[in-house]
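Peer 1: Got a structure for you, questions after.
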Amino acid sequence: MKYSRWLPIFLLFFAVPVFSQRGDAPQAASGQPDTAALLQKIRDLEDRVIALEGQVRQLKTEPPPAQPTTSAPASAFTAQAGTPGVLGGAGGSAAKALNPDISVIGDFISVAGHNSLQPSPSLEMHESEVGLQAIIDPYARGDFFLSFGEEGVNLEEGYITLTALPAGFVAKVGKMRSAFGKVNTLHNHVLPWVDRPLVTNNLVGGEDGLDDAGVSIQRILPAPKGIFLEATGQLFRGDSGDKDHPLFRASTTSDVSAVAHLRGYKDITESTNLDLGLSYARGHNNLGTDFLTQLYGVDATLRWKPLRRSIYHSFVGRGELIWSQRQQLPSEQRAFGFYTSGDYQLGRRWFVGGRYDRAGRSEFANLTDQGASAVLTYWPSEFSQIRGQYRFTRYAGNVDANEFLMQLLFSLGAHGAHPF
Amino acid sequence: MTKRSRFSGLAIALGLACAAISPTAAAAKKLSIITATTDMAALTQEVGGDRVNVESIAKGYQDPHFVEAKPSFLLKLRNADLLVMVGLQLEIGWLPPLITQSGNPRIQVGAPGYLDASQFAEILEVPQGQVTRAMGDVHPLGNPHYWLDPDNGRRIARGIANKLAEMDAGDAAYFQQRFKDFDQRLTAAEQKWDAEMKPYRGRKVVTYHRSFPNFANHYGLDVIDYVEPRPGIPPGIDRTDETRELQSRLGGALFRSEDSPVHRAGDRRTGSRLSSLGGRGKRGGRLL
């Protein structure tokens, strides 16, 4: 019937408040501490969930813990990494998590203008640099940079860095850009210009520069407070320089080359710092084992970056002086070259800069080339960069070249470290 | 003066020198801790008390995304027992090379002296699904600006206290006591802050960068937009106009932001309220 059907529902409606009131009554006396305890419990649970989430994140991102070995040095790591060890069959995504950080940087250059001596292609995918970087184990990390040019692939760098050596030593083994000066250590995409300065081309082996297979060892030296002093010693096979600008050639296996570098750095204020370097390189040149080439370098970099406004304004002034001493017939050639440049950051995305360079030629020290450039750079984001450079070059013998270079850099994948 | 008395004089001088040196020898036992940011340094100092030496790499008024990897930081890192970082790729542009070059095995990734504080905190805005840079400089592991939530501050402090206790077992009780004390002071302060922030619950705010999700979440603020069109991409003139329009539509939203000339301009033109949360703190002041 109609009533009998609705009656239970009515009853229910009335019953609920009554029952709930009855339920409330005894609680009212001791309600305060109970809810406080419950809230505390919830908070504790929340904390535990967050702690668990944190552990899951750690598992996903961190490299594998050290294998539990019996050797003493590993025990410190295994003790701490006990829990991650139990992650047995995590499967697909966990396996991917151990892939190296992969990045690709495209470097597109177009050149307009006239240069009869060293013409550049009008449009060129100058370089595609693939970077693969990862931590190898608790004692080392690995870095590979493969440079795909228009003519083929070149291992620009590929080395292991031993980070857990005793007494503060850091060693690298593999192929690497040597620590001679500043520009030589920089990859193309972190240069403050589209090209490399004349002194690099004339005296330090061109774009590839002093880049060779070998071992490197560096250590921070004791120095007065506030001064950073670091010494680097490197031993290479003895083959450096690109094919147009040969620097060292190993005719026999004993024709190794060596590089030494001393770097001093000081914060003058929190926004200004000075970075000085002395470099020396020695190797055998393309004339044979009996012919040595020695390079001496001095570099200086002054940086200004007010910390509060660091993403908007900065200035970097730099210069490098390089002396080359090349044994050849009939007589030894002593050439000198330098560049000096400055870059000012106008705003968050705009940079303006200039460079003056001058360099003798290693094989003909009395022939001197000189040049000047003006550079304007724009950053759409942290991951791409557009740069225009006007370059005037006066080659030895009064041959002039006026060129306009445009460069587009774009970066894919893992976020690399900003160069310093 | 006889030879003998000269010697005894020397012995006394040596004894005094030793007595003078011994406190420094005790002080050398202090854990040396380097943190990436001042926030982490403050929390570490709270729980570490006088048993630790804490120093931060970045300054409080510096953008922690864009710190320079200066070699002078290596001087600090090479002797550090513990490195505390924010994590979630906030420091990816500068900390990894510093760690590699430090020549200090104790603070290498995964070593006992490497502490990523994000593991202790509640992380928001973890991107779901496909992540691309079309979204700007996204942090694929979640938003790294997590420390502005007091609850997270407590969690981080607890995590650091546990870490310190693990590294210096002799002082474990001291660190736990310091944490307990900090916890109590934080709880008391939170009551005050809650009361102060209560009127703003539900208030619509626009922030410059995505820096305040945890803060907004904790105090019930409603972040409706950002001045940056995408994280890490600076706004163009049109974007500033857009935000201004949004603000006038809302009728004076609280315009919370980091220090930037763009906002000052926006603020002048809209008449909305600008609150700056960055870089006003006194250096070395107590946290609570």
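The values are calculated or read from the model by the stated rules, or taken from the named source; none is laboratory data. Keep in mind that this is a model prediction, so the values were computed, not measured. Note that we place each Cβ from the backbone using ideal geometry, even for glycine, and neighbour counts take in every protein chain shown.
Peer 1: Kindly indicate the residue of the range A:364-420 that is small (Gly, Ala, Ser) and not in a strand (DSSP E or B) and also farthest from the other protein chains (Cβ to nearest Cβ) among those meeting that condition. If you could, list the steps in order and put the result at the bottom.
Peer 2: Taking the range A:364-420 first, the residues small (Gly, Ala, Ser) are A:365, A:371-374, A:381, A:384, A:388, A:396-397, A:401, A:411, A:413-414, A:416-417.
Then drop every residue that is not not in a strand (DSSP E or B), which leaves A:365, A:396-397, A:414, A:416-417.
Values: A:365: 35, A:396: 38, A:397: 43, A:414: 8, A:416: 8, A:417: 5 Å.
Among those that are small (Gly, Ala, Ser) and not in a strand (DSSP E or B), it is A:397.
Peer 1: A further question on this structure: Would a scan of the range B:84-107 turn up a residue that is out of contact with any helix residue (DSSP H, G or I) (no Cβ under 7 Å at 6 or more places or on another chain), more than 10 Å from every other protein chain (Cβ to nearest Cβ), free of Cβ contacts under 8 Å to residues at least 40 places away in the same chain and over 30 Å from residue B:29 (Cβ atoms)?
Peer 2: Taking every residue of the range B:84-107 in turn, none turns out to be out of contact with any helix residue (DSSP H, G or I) (no Cβ under 7 Å at 6 or more places or on another chain), more than 10 Å from every other protein chain (Cβ to nearest Cβ), free of Cβ contacts under 8 Å to residues at least 40 places away in the same chain and over 30 Å from residue B:29 (Cβ atoms).
Peer 1: Kindly check whether there is at least one residue in the range B:39-61 that is facing another protein chain (nearest Cβ under 8 Å) and in contact with a helix residue (DSSP H, G or I) (Cβ under 8 Å, 6 or more places away or on another chain). Full working, then the answer.
Peer 2: Restricting attention to the range B:39-61, the residues satisfying the condition of being facing another protein chain (nearest Cβ under 8 Å) are B:59, B:61.
Narrowing further to those that are in contact with a helix residue (DSSP H, G or I) (Cβ under 8 Å, 6 or more places away or on another chain): B:59, B:61.
Checked against the condition, which is being facing another protein chain (nearest Cβ under 8 Å) and in contact with a helix residue (DSSP H, G or I) (Cβ under 8 Å, 6 or more places away or on another chain), the range B:39-61 yields at least one hit.
Peer 1: Follow-up. Taking the condition of being under 30 Å from residue A:347 (Cβ atoms), modelled with pLDDT under 95 and of a type outside the set (Gly, Ala, Ser), how many residues in the range A:270-304 meet it?
Peer 2: 1
Peer 1: Select from the range A:225-252 the residues that are within 14 Å of chain B (Cβ to nearest Cβ) and charged (D, E, K, R) and write down the one among them that is surrounded by the most Cβ atoms within 10 Å (Cβ to Cβ).
Peer 2: First, pick out the residues of the range A:225-252 that are within 14 Å of chain B (Cβ to nearest Cβ): A:225-232.
Next, only the ones that are charged (D, E, K, R) stay: A:225, A:230.
Numbers: A:225: 5, A:230: 21.
If we take residues in the range A:225-252 being within 14 Å of chain B (Cβ to nearest Cβ) and charged (D, E, K, R), then A:230 is surrounded by the most Cβ atoms within 10 Å (Cβ to Cβ).
A quick yes/no check of all residues on (1) assigned by TED's automatic domain parsing to the domain that holds residue A:256; (2) at pLDDT below 95; (3) more than 28 Å from residue A:342 (Cα to Cα):
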| site | (1), (2), (3) |
| --- | --- |
| A:194 | yes, no, no |
| A:197 | yes, no, no |
| A:209 | yes, yes, no |
| A:216 | yes, no, yes |
| A:226 | yes, yes, no |
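Peer 1: Considering B:165, B:172, B:195, which residue is assigned to a helix (DSSP H, G or I), buried (at least 16 other Cβ atoms within 10 Å of the Cβ) and either free of Cβ contacts under 8 Å to residues at least 24 places away in the same chain or in contact with a Lys or Arg (Cβ under 7 Å, 6 or more places away or on another chain) (or both)? Give the steps one after another, and end with the answer.
Peer 2: Values: B:172 fails: buried (at least 16 other Cβ atoms within 10 Å of the Cβ); B:195 fails: buried (at least 16 other Cβ atoms within 10 Å of the Cβ).
Going through B:165, B:172, B:195 in turn, just one is assigned to a helix (DSSP H, G or I), buried (at least 16 other Cβ atoms within 10 Å of the Cβ) and either free of Cβ contacts under 8 Å to residues at least 24 places away in the same chain or in contact with a Lys or Arg (Cβ under 7 Å, 6 or more places away or on another chain) (or both): B:165.
Peer 1: Still on this structure, please answer the following. Can you pull out the residues in the range A:173-192 that are outside any helix (DSSP H, G or I) and either outside the structural domain of residue A:126 (by TED's automatic domain parsing) or surrounded by fewer than 24 Cβ atoms within 10 Å (Cβ to Cβ) (or both)? Don't jump to the end; show me each part of the working.
Peer 2: Quick first cut of the range A:173-192, residues outside any helix (DSSP H, G or I) only: A:173-182, A:186-187, A:191-192.
Within the range A:173-192, A:173, A:174, A:175, A:177, A:182, A:186, A:187, A:191, A:192 qualify.
Peer 1: Also: For the range A:213-227, check the following and say yes or no: at least one residue is of a type in the set (Ser, Thr, Tyr), more than 22 Å from the chain's Cα centre (by Cα) and within 28 Å of residue A:169 (Cα to Cα). Show your work before the answer.
Peer 2: First pass over the range A:213-227, keeping only residues of a type in the set (Ser, Thr, Tyr): A:216.
Retained after the next criterion (residues that are more than 22 Å from the chain's Cα centre (by Cα)): none.
Among the residues of the range A:213-227, not one is of a type in the set (Ser, Thr, Tyr), more than 22 Å from the chain's Cα centre (by Cα) and within 28 Å of residue A:169 (Cα to Cα), which makes the answer no.
Peer 1: Would you check if there is a residue in the range A:131-149 being touching a residue at least 40 places away in the same chain (Cβ under 8 Å) and outside any strand (DSSP E or B)?
Peer 2: yes
Peer 1: Return the pair list, or none, for Cβ contacts closer than 7 Å from residues in the range A:253-273 that are at the interface with chain B (Cβ under 10 Å from one of its Cβ atoms) to residues that are among the hydroxyl-bearing types (Ser, Thr, Tyr) and assigned to a strand (DSSP E or B), at least 6 apart or on different chains.
Peer 2: Short answer, once both residue conditions are applied: A:273/A:265.
Peer 1: Further question on the same structure: Of the residues B:134, B:117, only one is among the small types (Gly, Ala, Ser), assigned by TED's automatic domain parsing to the domain that holds residue B:182 and out of contact with any helix residue (DSSP H, G or I) (no Cβ under 9 Å at 6 or more places or on another chain); which?
Peer 2: On the way: B:117 fails: out of contact with any helix residue (DSSP H, G or I) (no Cβ under 9 Å at 6 or more places or on another chain).
After ruling out the rest, the residue left standing is B:134.
Residue-wise test of (1) away from chain B (no Cβ under 14 Å); (2) within 30 Å of residue B:234 (Cβ to Cβ); (3) touching a Lys or Arg at 6+ places or on another chain (Cβ under 7 Å).
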residue: A:281; (1), (2), (3): yes, no, no
residue: A:293; (1), (2), (3): yes, no, yes
residue: A:319; (1), (2), (3): yes, no, no
residue: A:349; (1), (2), (3): no, yes, no
